[in-house]
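The structure under discussion appears below in the form of structure tokens.
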Amino acid sequence: MPGDLRRAPPLTMLGLAIASIHPQPASLMFVNKTKLPHVLLPEHYSSPTQHELELERLFRPQWHWVGSLHDAREDGDFFTRELLGVPILVRNHQGSCHCYLNVCPHRHSTLSSERSGNCPTLKCQYHGWEFHVDGSSGRIPDAKHFRPMSGGPECLKKFSVAVHGPLIFVSLDPSCPSLPDQFQPFAEVTSEFPGDRWAHAETWHYDFPANWKVVAENTVESYHLESVHTDSFRFEPEDEIEHEIHEGGTIMRATIHATPRARQFTRWVTSQLHPGCSPQYRMHHLFPHLFLMRTDAMLQAMTLMPTSTTSCRATVSVFTLRREHETPWSRLLTRFWGRIKTPAVKKILAEDASLYPGIQTGMEHSPFKGCVSTREELVHAFQHHVSQKCGLSIEPDRAAATSAEELSQ
Ligand code: FES
Ligand SMILES: [Fe+2]
């Protein structure tokens with residue numbers, strides 16, 4: 001999968017519209033010069049067949065952000081999750097993270113039903129079988145009653161784990177390409193600082209009554225900022241917004257509009273935490289479902305998982321930067337910055353959330369083709385990715401710009 005287009009196969013007709021850009025001259029901030037078609041049909045946002053296709057082709061062969069270093073900080077710390085319906089357990093063993101199917105080979109109980117905890121040994125909650133870090137069985141209470149055990153006791157099933165910045169990723173699919181390969185064009189967003197420079201501020205969830213693509217598309221376009229986030233989130237003029245489109249995702253860079261006083265305050269805070277820390281907003285969308293936003297001394301991660309054809313769950317975490325050599329004062333400032341940033345992020349996401357039911361209803365009743373502006377071209381790139389991965393056959397007129405007459409039909 002991903003990588004940038006320098007390694008990509010030749011572009012299709014439709015792909016011409018999403019040609020990758022490399023560092024651009026300041027005068028060319030968008031990749032496309034003309035408006036774009038809405039590649040996906042409204043029914044792709046509620047069709048059960050499309051939902052199954054997406055699970056199979058987009059989500060299963062994928063790395064998923066499942067937690068943060070903060071969730072398993074000490075030796076023996078663990079957390080459990082459900083990933084695409086599969087129960088998993090992630091555990092810190094002497095500083096490295098390991099992921100197991102949260103099912104015991106003895107009589108199929110989950111190893112733990114706790115959301116998180118600490119266990120000095122990896123042990124099943126039911127009859128107390130213990131397991132080594134590689135998943136092989138260790139101490140079995142009253143083992144003599146299991147004789148003869150042909151081939152020895154069974155092992156736990158393990159999944160691949162990767163850590164990037166403060167984020168822990170798991171893949172259920174052994175054929176999934178390595179995470180660094182997948183992260184390649186986006187790595188600077190989390191590799192700029194080591195994982196332990198990020199302090200976890202808060203993690204929370206939303207259950208949105210809308211198809212996951214409605215939320216993904218809204219997240220990557222800045223066209224709605226003026227009308228929806230009038231007082232909370234605006235960019236400096238449109239010609240300062242910069243887009244990059246890669247095979248595996250997209251990047252947006254912009255300057256957040258702020259009053260001179262707010263800008264001065266941010267500059268002061270960030271100079272205390274990391275002198276020279278860039279105030280630029282960077283939104284990295286790793287197809288299909290991971291969004292990493294960086295600005296000044298904050299990192300925000302968001303992932304989307306479909307929960308039905310017309311609903312999805314978003315998980316959001318906010319991290320703020322720690323000073324390289326921490327002092328009690330800098331620790332306080334890092335925490336304070338998290339307390340300032342988290343409500344601001346929640347306000348913006350609540351404004352977006354209020355739109356999702358209406359967009360979903362519209363999708364389910366729309367007779368229109370829709371269209372996408374150059375400012376929304378990252379939506380087009382995302383739709384193109386979904387369409388390609390799912391093998392959708394796109395009408396020829398969706399590969400070309402849609403005329404005003406067509407839109408009014
Ligand atoms: S089910 Fe796990 S030890 Fe029995
Ligand atoms: Fe928004």
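The values are calculated or read from the model by the stated rules, or taken from the named source; none is laboratory data. All of these numbers come straight from a predicted model, not from anything done at the bench. Heads up, the Cβs are rebuilt from the backbone with ideal geometry, glycines too, and the neighbour counts pull from every protein chain shown.
Take residue 154 and decide whether it is in a helix (DSSP H, G or I) and either assigned by TED's automatic domain parsing to the domain that holds residue 92 or within 16 Å of ligand 2 (Cβ to nearest atom) (or both).
Values: in a helix (DSSP H, G or I): no; either assigned by TED's automatic domain parsing to the domain that holds residue 92 or within 16 Å of ligand 2 (Cβ to nearest atom) (or both): yes.
Against the criterion (in a helix (DSSP H, G or I) and either assigned by TED's automatic domain parsing to the domain that holds residue 92 or within 16 Å of ligand 2 (Cβ to nearest atom) (or both)), residue 154 does not qualify.
Determine whether residue 72 is out of contact with any Gly (no Cβ under 6 Å at 6 or more places or on another chain), under 24 Å from residue 200 (Cα atoms) and crowded, with 20+ Cβ neighbours inside 10 Å. Please lay out each step first, then the result.
Details: out of contact with any Gly (no Cβ under 6 Å at 6 or more places or on another chain): yes; under 24 Å from residue 200 (Cα atoms): yes; crowded, with 20+ Cβ neighbours inside 10 Å: yes.
Judged against the criteria, residue 72 is a match.
Hey, any hits in the stretch 244-254 for a residue that's among the charged types (D, E, K, R), more than 19 Å from the chain's Cα centre (by Cα), in the same structural domain as residue 291 (by TED's automatic domain parsing) and at pLDDT below 95? Explain how you work it out, then say what you get.
As a first pass, look at the stretch 244-254 and keep what is among the charged types (D, E, K, R): 244, 247, 253.
Retained after the next criterion (residues that are more than 19 Å from the chain's Cα centre (by Cα)): none.
No, there is no match, as no residue in the stretch 244-254 is among the charged types (D, E, K, R), more than 19 Å from the chain's Cα centre (by Cα), in the same structural domain as residue 291 (by TED's automatic domain parsing) and at pLDDT below 95.
If I filter the stretch 111-119 for residues that are in contact with a Cys (Cβ under 7 Å, 6 or more places away or on another chain), free of Cβ contacts under 8 Å to residues at least 60 places away in the same chain and within 16 Å of ligand 1 (Cβ to nearest atom), do I get at least one hit? Explain how you work it out, then say what you get.
In the first step, residues of the stretch 111-119 are kept if they are in contact with a Cys (Cβ under 7 Å, 6 or more places away or on another chain); the result is 111.
Of the ones still in play, those that are also free of Cβ contacts under 8 Å to residues at least 60 places away in the same chain are 111.
Now drop any that are not within 16 Å of ligand 1 (Cβ to nearest atom), which leaves 111.
Looking through the stretch 111-119, at least one residue is in contact with a Cys (Cβ under 7 Å, 6 or more places away or on another chain), free of Cβ contacts under 8 Å to residues at least 60 places away in the same chain and within 16 Å of ligand 1 (Cβ to nearest atom).
Name the one entry in 225, 286, 290, 273 that is more than 18 Å from the chain's Cα centre (by Cα) and in contact (Cβ under 8 Å) with a residue 60 or more places away in the chain.
On the way: 225 fails: in contact (Cβ under 8 Å) with a residue 60 or more places away in the chain; 286 fails: more than 18 Å from the chain's Cα centre (by Cα); 290 fails: more than 18 Å from the chain's Cα centre (by Cα).
Testing whether each residue is more than 18 Å from the chain's Cα centre (by Cα) and in contact (Cβ under 8 Å) with a residue 60 or more places away in the chain leaves just 273.
Would you be able to say whether some residue in the stretch 167-184 is part of a helix (DSSP H, G or I), buried (at least 18 other Cβ atoms within 10 Å of the Cβ), in contact (Cβ under 8 Å) with a residue 60 or more places away in the chain and in contact with a Gly (Cβ under 9 Å, 6 or more places away or on another chain)?
yes
For the stretch 228-275, give me each residue that is of a type outside the set (A, V, I, L, M, F, W, C), within 16 Å of ligand 2 (Cβ to nearest atom) and in a helix (DSSP H, G or I). Break it down into steps so the answer makes sense when it comes.
Taking the stretch 228-275 first, the residues of a type outside the set (A, V, I, L, M, F, W, C) are 229-232, 234, 236-240, 242-244, 246-250, 253, 255, 257, 259-261, 263-264, 266-267, 270-272, 274-275.
The next check asks that each one be within 16 Å of ligand 2 (Cβ to nearest atom); those that pass are 229-232, 234, 238, 250, 257.
Within the stretch 228-275, just 238 meets the criteria.
Any residue in the stretch 145-154 that is modelled with pLDDT of 95 or more, within 15 Å of ligand 1 (Cβ to nearest atom) and either among the basic types (Lys, Arg) or surrounded by 12 or more Cβ atoms within 10 Å (Cβ to Cβ) (or both)?
Going through the stretch 145-154, the residues modelled with pLDDT of 95 or more turn out to be none.
Scanning the stretch 145-154 turns up no residue that is modelled with pLDDT of 95 or more, within 15 Å of ligand 1 (Cβ to nearest atom) and either among the basic types (Lys, Arg) or surrounded by 12 or more Cβ atoms within 10 Å (Cβ to Cβ) (or both).
Name every residue in the stretch 208-227 that is in a loop (DSSP other than H, G, I, E, B) and either within 10 Å of ligand 2 (Cβ to nearest atom) or surrounded by fewer than 20 Cβ atoms within 10 Å (Cβ to Cβ) (or both), in order of residue number.
Just the residues of the stretch 208-227 that are in a loop (DSSP other than H, G, I, E, B), to begin with: 209-211, 221-224.
209, 221, 222, 223, 224 - these are the residues of the stretch 208-227 that are in a loop (DSSP other than H, G, I, E, B) and either within 10 Å of ligand 2 (Cβ to nearest atom) or surrounded by fewer than 20 Cβ atoms within 10 Å (Cβ to Cβ) (or both).
Taking into account only those residues within the stretch 75-90 that are surrounded by fewer than 21 Cβ atoms within 10 Å (Cβ to Cβ) and more than 20 Å from residue 304 (Cα to Cα), which is nearest to the chain's Cα centre (by Cα)?
So the residue we want is 77.
Listed here are the residues, each with its yes/no results for (1) within 16 Å of ligand 1 (Cβ to nearest atom); (2) under 28 Å from residue 58 (Cβ atoms); (3) among the hydrophobic types (A, V, I, L, M, F, W, C); (4) in contact with an Asp or Glu (Cβ under 7 Å, 6 or more places away or on another chain).
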site: 199; (1), (2), (3), (4): no, no, yes, no
site: 271; (1), (2), (3), (4): no, no, no, no
site: 274; (1), (2), (3), (4): no, no, no, no
site: 292; (1), (2), (3), (4): no, yes, yes, no
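I need every pair where a residue in the stretch 42-60 that is surrounded by 14 or more Cβ atoms within 10 Å (Cβ to Cβ) has its Cβ under 6 Å from the Cβ of a residue that is among the polar types (S, T, N, Q) and not in a loop (DSSP other than H, G, I, E, B), sequence separation at least 6 or different chains.
Qualifying pairs under 6 Å: 44/50.
Can we say residue 36 is over 28 Å from residue 190 (Cα atoms), without any contact (Cβ under 8 Å) to a residue 60 or more places away in the chain, more than 18 Å from the chain's Cα centre (by Cα) and away from ligand 1 (no atom under 16 Å from the Cβ)?
Details: over 28 Å from residue 190 (Cα atoms): yes; without any contact (Cβ under 8 Å) to a residue 60 or more places away in the chain: no; more than 18 Å from the chain's Cα centre (by Cα): yes; away from ligand 1 (no atom under 16 Å from the Cβ): yes.
No, not satisfied.
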